[in-house]
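Chemist: Take this structure first; my questions come after.
The values are calculated or read from the model by the stated rules, or taken from the named source; none is laboratory data. Computed from a prediction, not measured in an experiment: that's the story for all the values here. Quick reminder, even Gly has a Cβ in these numbers, built from the backbone with ideal geometry, and neighbours come from all protein chains shown. SASA here: full protein model, heavy atoms, side chains in, ligands and nucleic acids out. Shrake-Rupley method; radii C 1.70, N 1.55, O 1.52, S 1.80 Å.
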Amino acid sequence: MTSHRAHSPFRRHSLSIVSSTILLCWIILYSRSSPDTHLGAFFGNAIADWTGLVIMVIATKFMYEKGSAESREPPRHWLGPVFRKLQEHSLTIFLLLTGAGWIALFAKSEPNSKWGQVAGNIVSEWTQIFGLVILTKKLVEPHSKESRH
């Protein structure tokens, strides 16, 4: 017997909703704080970290990276070879394109400004996420569920 709550939109998307709400809280707290304080610096770093978490939760729901332990296997649709390759590597393509956008934003911002520091931290976070997706395609670690054996 399944309950109605188990199938509610909130239940099905609760991780995306709650993590996005927490990210929004960090953004609000940071916008009202000084980055020159410990608390303000913490809020700025939390924005980058939680942005990365939200992206991993949402992007891995809809995109794929063939062979990466951080991604599901793409469904087998009747796609042509070009579209199949794009689908199989859509997570990497997404991370590269959005990462380029964050790099461009950071390059145009004052690196020591309040939001310039956040943009720099997000670039760092994107680099880590991209690295994790790529590294988990070939490298393994014993007893890690992220490693494919």
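Chemist: Any idea how far apart LEU96 and ARG12 come out in nm if each label point goes 7 Å out from Cα toward Cβ?
Modeler: So the label points at LEU96 and ARG12 sit 3.2 nm apart.
Chemist: Apply the Karplus curve 6.51 cos²θ - 1.76 cosθ + 1.60, θ = phi - 60°, to the phi angles in region 46-62 and return the couplings in whole Hz, x for Gly and Pro.
Modeler: 5, 4, 5, 4, 6, 4, x, 5, 4, 5, 5, 5, 6, 5, 6, 6, 10
Chemist: Over the chain, what percent of the accessible surface lies on carbon and sulfur atoms, probe 1.4 Å?
Modeler: Exposed carbon and sulfur together represent 67 percent of the surface.
Chemist: Moving on. How do PHE83, PHE10, PHE43, PHE130 rank by accessible surface area computed with a 1.4 Å probe, from largest to smallest?
Modeler: Ranked list, largest accessible area first: PHE83, PHE10, PHE130, PHE43.
Chemist: Now, a different point. Among LYS85, LYS137, what's the order by accessible area (1.4 angstrom probe), most exposed first?
Modeler: Descending order: LYS85, LYS137.
Chemist: For region 11-81, what are the per-bin percents of Cα-Cα distances with bins 10 Å wide, up to the bin holding the maximum?
Modeler: Taking every Cα pair in region 11-81, the percentages come to 19, 33, 25, 16, 6, 1.
Chemist: To one decimal place, what orientation-averaged projected area in nm² is obtained for the convex hull of the Cα set of the chain?
Modeler: 12.8 nm²
Chemist: So how much slack lies between VAL82 and LYS61, counting 0.36 nm per residue of separation and subtracting their Cα-Cα distance, in nm?
Modeler: Here the segment from VAL82 to LYS61 would lengthen by 5.4 nm.
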